[in-house]
Amino acid sequence: MKKLRTLTPFEYFSIVIGVSALFISFLLFSSVTFNQYTLTVLGYIYIFVILAVSYNLINGVAGQFSLEPNGFVAIGAYVTAILILSPELKEEIFMLSSPYPFIKDVYVPNPFLVLIISGLVAAFIALLVSFPVFRVRGDYLAIVTLGFGFIIRTILINYPSISNGAMGIDSVPDFASYIFIGVCALIIVILVYNLVYSRFGRAMRAIKNDEDAALLMGIDTFKIKTLAFVTSAFFEGVGGGLMASFIGAVSPDQFTFMMTFELLIIIVIGGLGSISGSIVATFLFFGSMEILRPLDDGMWHFGPIHGVPGLRMVIFSLLLILIILFARRGLFGEREIWDVVIDLYKKIKQRRQNG
């Protein structure tokens, strides 16, 4: 396996400042240039960037095949909806059953504090779940975490005094504006990068490469896996809170296994262990879905080709197959985008010298 290039502190700081400045400039420019539909799509993409890099932390960097994101995203979304709504509004919304007193009376009007609490609740539940979960590995770990997502959704449906059951919770205040989501995504991506390239991140990669060898080297594998799991759940909870506010409502149908499946596709396409790969793959995933949307319209045609309902997903699936066939380890593998750019520059320079 090719050794990953380590950036110097100056290089890393320069990249963070440069990318942050460019992204914030893009946020400000797009907010006054693009129409509302485009901004909605971009906001949704930024939320999934948060979820993808968080999921890649446990699944790609730490190498633990976990299938739990939809559960923790649901927890963050519902906690945000419950905290940000006033007691009077909750009394009106909960129609299937009266909310429990601790659900009805709790009220936190500060959006920042609400998101932090949502992440902490998800992280706390992840901590409790980690004790039985990390007693197994591999496929067994995937099955256990898959079951966790189903349990959360079942609780949301069958306990209307907590979640209003299948009807969900609507009228969630839209504090998560386009720029707010973009800034949150930028902050979380920087935090995840710092984790991945810290001592903690190196321990996660050691566990991914060979857990038994890491254990013999003195790494507390259970502690590292638990910390990775809890950290990932925290950011997923925050992403769920942003999603609840951005959409304006939450319901159990939003947090099915399909959400986990989409995130799994994204991190595999980008490269397991590559944070920038997850970001690029998120834009490609949702961007291509939007670009191909006219194919579902029967009125659309391009020469002899006419739109047919469902054609978009056929073409999209074929594109995914081609990517997996020609990029077995994803677009970036375990590398970051700067590694790809540097390698490409070296190859072009070498060809010029040889030519």
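So the values come out like this:
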quantity: Taking L344, L186, L156, L127 and counting other C-beta atoms within 10 Å, the order from fewest to most; calculated: L344, L127, L186, L156
quantity: DSSP-assigned coil residues among chymotrypsin sites (Phe, Trp or Tyr not before Pro) in the stretch 252-355, each with at most 15 further Cβ atoms within 10 Å; calculated: W300
quantity: Orientation-averaged projected area, Cα convex hull of the stretch 9-255 (nm²); calculated: 14.3
quantity: M243, M217, M289 arranged by Cβ crowding within 10 Å, fewest neighbours leading; calculated: M217, M289, M243
quantity: Two-decimal Rg/Rh across the stretch 189-292, once Rg and the Kirkwood Rh are taken from alpha-carbon atoms; calculated: 1.03
quantity: Surrounding net charge for F255, when Lys and Arg each add one and Asp and Glu each subtract one, Cβ distance under 13 Å; calculated: -3
quantity: Theoretical FRET efficiency, 1/(1+(r/R0)^6), r = Cβ-Cβ of I17 and D343, R0 25 Å, to 0.05; calculated: 0.60
quantity: Values of log10 I(q)/I(0), in the order q = 0.09, 0.20 Å⁻¹, for the stretch 78-206 under a Debye, Cα-only, solvent-free model; calculated: -0.37, -1.22
quantity: Cβ-derived FRET efficiency at R0 25 Å, F257 paired with D297, nearest 0.05; calculated: 0.30
quantity: Under-28-angstrom lysine pairs by C-alpha in the chain, whenever the two are 8 or more apart or on separate chains; calculated: 15
quantity: Largest-first principal axis extents of the Cα set of the stretch 1-118 (Å); calculated: 57, 41, 26
quantity: Protection proxy ranking, peptides 159-172, 60-73, 263-276, average beta carbon neighbours within 10 Å, highest first; calculated: 60-73, 263-276, 159-172
quantity: Cα lying deepest toward the dipole's positive end in the chain, options G270, S14, L83, charges on Cβ; calculated: S14
quantity: Summed residue charge, Cβ within 12 Å of Y345's Cβ, Lys/Arg positive, Asp/Glu negative; calculated: +3
quantity: Value of D in µm² per second that Stokes-Einstein yields for the stretch 257-355, Kirkwood Rh from Cα pairs, at 4 °C (1.567 mPa s); calculated: 84
quantity: Whole-Å distance, taken between Cα centres, linking the stretch 53-90 and the stretch 162-219; calculated: 10
quantity: Alpha-carbon centroid distance for the pair the stretch 327-355 / the stretch 237-268, whole angstrom; calculated: 33
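Laboratory data are not the source of any read-out in this text; all were calculated from the coordinates shown. Just so you know, these numbers come straight off a predicted model, no measurement behind them. Don't worry about glycine lacking a Cβ; one is built from the backbone with ideal geometry, like all the others, and counts go over all protein chains shown.
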